[in-house]
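The values are calculated or read from the model by the stated rules, or taken from the named source; none is laboratory data. Since we're looking at a predicted model, the values are computed, not measured. Every residue, glycine among them, receives a Cβ derived from its backbone with ideal geometry; neighbour counts consider all protein chains shown. Just so you know, the surface numbers come from the protein's heavy atoms only, side chains and all, with ligands and any DNA or RNA stripped out. Shrake-Rupley method; radii C 1.70, N 1.55, O 1.52, S 1.80 Å.
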Amino acid sequence: MIDLHTHTNKSDGTDSPRELVNKSIAQGLTVLGICDHDTTSGWEEAIQTVRGNLALALGSEISCLTHDGISVHMLGLLFDGAHQQMQVMLEETRDGRLPRMRKMLEKMNAAGVNISMADVEAARPEGATLGRPHLADALVNKGIIKSRDEAFQGMLNNDSEFYVSHAAPTPADAIAMIRSAGGVAVIAHPFASHRGEILQASDFHELVAAGLNGIEVDHRDQNPEERAMLRAIARELDLAVTGSSDYHGTGKLNSLAEFQTSPSEWEKLEALADKRRVVRA
Ligand code: AMP
Ligand code: ZN
Ligand code: FE
Ligand code: FE
């Protein structure tokens, strides 16, 4: 069982890296990808916890923005965590999330929603990449809404009046950085259209030119037609196909390993990293 895209409480998941690794072992996973948003801070704890038959594919889900302002998530896996420029890029994105949150709060306050940065900070685990899910949790804690899911269907949706984007690399820049750090780049849920505007099929050529290695096809936010289109694009452009849960603990409905990547597609991807970086006990 191979699940290449999960989150811990180092971003907007709710399990610690230790808890996630333990769950993965209990469920019999063979490869677990840990891809917290714009950070590698969960890697060390995961490495210390891994044992048995589980292998770790450490990575990060990098928030990107196209020149047209379309939000894209790029999974970087198996890159060198000590790569200086990669860490600078991740840090700059994390830094941009604070003023962005302030702007979202200002818009909410102006509309009469009583929520503050202190409320958001109280909902964010220590050291976690700040994101809308923490704002959602703060709104839940104040009794303004019932769940993260409700938040993302309304107030916190990309199309909402309160939405603000943050500074982020372009998808091509993120891919180039992942590859220069020795890793592989897989575009996450590219056709998850309910989140907001998405890329077009023709946009993939440019990403392949930048070094894209794979497409996340099997994901709960993509319907069967969208998956079929992505599979066709992957075939045409000779890209690996992945499936993953995008597990966030209790922060989302997604169950660990609800979608998986086939061993042959994983082998294909792993062979494209500059060296064997999978971590085993
Ligand atoms: P941000 O990175 O701050 O823009 O927040 C986006 C993150 O919110 C995504 O990475 C998702 O993991 C998370 N998210 C999106 N939709 C939902 C949802 N319905 N329930 C919980 N979390 C969500
Ligand atoms: Zn997330
Ligand atoms: Fe994502
Ligand atoms: Fe994710």
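A compact table of results
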| read-out | value |
| --- | --- |
| Matching option when the condition is at pLDDT 95 or above, open to solvent by less than 10 Å² (accessible area, probe 1.4 Å) and of a type in the set (A, V, I, L, M, F, W, C), among LEU54, LEU98, LEU65 | LEU54 |
| Candidates ALA118, ALA151, ALA168, ALA82 - the one that is free of Cβ contacts under 8 Å to residues at least 24 places away in the same chain, within 30 Å of TRP266 (Cβ to Cβ) and not hydroxyl-bearing (Ser, Thr, Tyr) | ALA82 |
| Among (1) open to solvent by 30 Å² or more (accessible area, probe 1.4 Å); (2) free of Cβ contacts under 8 Å to residues at least 60 places away in the same chain - the single one ILE198 does not satisfy | (2) |
| Number of positions in region 1-38 that are touching a strand residue (DSSP E or B) at 6+ places or on another chain (Cβ under 7 Å), within 16 Å of ligand 2 (Cβ to nearest atom), over 17 Å from MET86 (Cβ atoms) and polar (S, T, N, Q) | 3 |
| Given (1) within 17 Å of HIS73 (Cβ to Cβ); (2) out of contact with any His (no Cβ under 6 Å at 6 or more places or on another chain); (3) open to solvent by 10 Å² or more (accessible area, probe 1.4 Å), number of the condition THR242 does not satisfy | (3) |
| Filter result for SER41 (away from ligand 2 (no atom under 16 Å from the Cβ), of a type in the set (Ser, Thr, Tyr) and over 22 Å from ARG195 (Cβ atoms)) | no |
| Members of region 213-233 that are farther than 25 Å from HIS248 by Cα and either open to solvent by less than 50 Å² (accessible area, probe 1.4 Å) or not in a helix (DSSP H, G or I) (or both) | ALA232, ILE233 |
